[in-house]
Amino acid sequence: QCQLNGLWRNDQGSLMEISVLRDNGDFQGQYLTRVTLSGGCAQISPLKGAQQLLGEEGWPTFAFTVRWDKFSKAARTTVFLGQCYVDTNREETLHALWLLREAADSPAEDWKATR
């Protein structure tokens, strides 16, 4: 069974800590992006999410958002969506995709606001 709570490091060196995992699958924690780690001005950003509980078989899917208000003056939010896996050595791994949304100045600029 894959457990989301704990400290995770991604391929880019960013850190995520899930400190509260409720029985219903809701969780919260904090995210420390490598950008702030390398800049000497580390800023922790809050995250909130939920995992889909699958029971004894299968691995849970999850989604969470990170609000970057402490890290950036621009309005930015990132959403992560993925699944937790356990390999044959019983090591847990998260596989996720992300989308970063910046505030657009107008509806005409909306097309370039999501990366």
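Things worth noting here:
- Flag if Q43 is polar (S, T, N, Q), modelled with pLDDT under 80, open to solvent by less than 80 Å² (accessible area, probe 1.4 Å) and on the phi < 0 side of the Ramachandran plot: yes
- Among the residues of segment 1-33, the one identified as of a type in the set (S, T, N, Q), closer than 16 Å to W98 by Cα and open to solvent by 80 Å² or more (accessible area, probe 1.4 Å) is Q12.
- Meets criteria (at pLDDT 80 or above and farther than 19 Å from E92 by Cα) for I18: no
- A search for C-beta distances below 9 Å between a residue of segment 93-115 that is in contact (Cβ under 8 Å) with a residue 60 or more places away in the chain and any residue that is outside any helix (DSSP H, G or I) and among the hydroxyl-bearing types (S, T, Y), counting only pairs 6+ apart in sequence or on different chains, returns L94/Y85.
- Residue list for segment 72-115, filter: part of a strand (DSSP E or B), open to solvent by less than 60 Å² (accessible area, probe 1.4 Å) and more than 22 Å from L15 (Cβ to Cβ): E102
The values are calculated or read from the model by the stated rules, or taken from the named source; none is laboratory data. As the structure is a prediction and not an experimental result, all values here were calculated from the model. In this analysis, Cβ positions are derived from the backbone assuming ideal geometry, glycine residues included, and neighbour counts consider all displayed protein chains. Heads up: the accessible areas ignore ligands, DNA and RNA and are worked out on the full protein's heavy atoms, side chains in. Shrake-Rupley method; radii C 1.70, N 1.55, O 1.52, S 1.80 Å.
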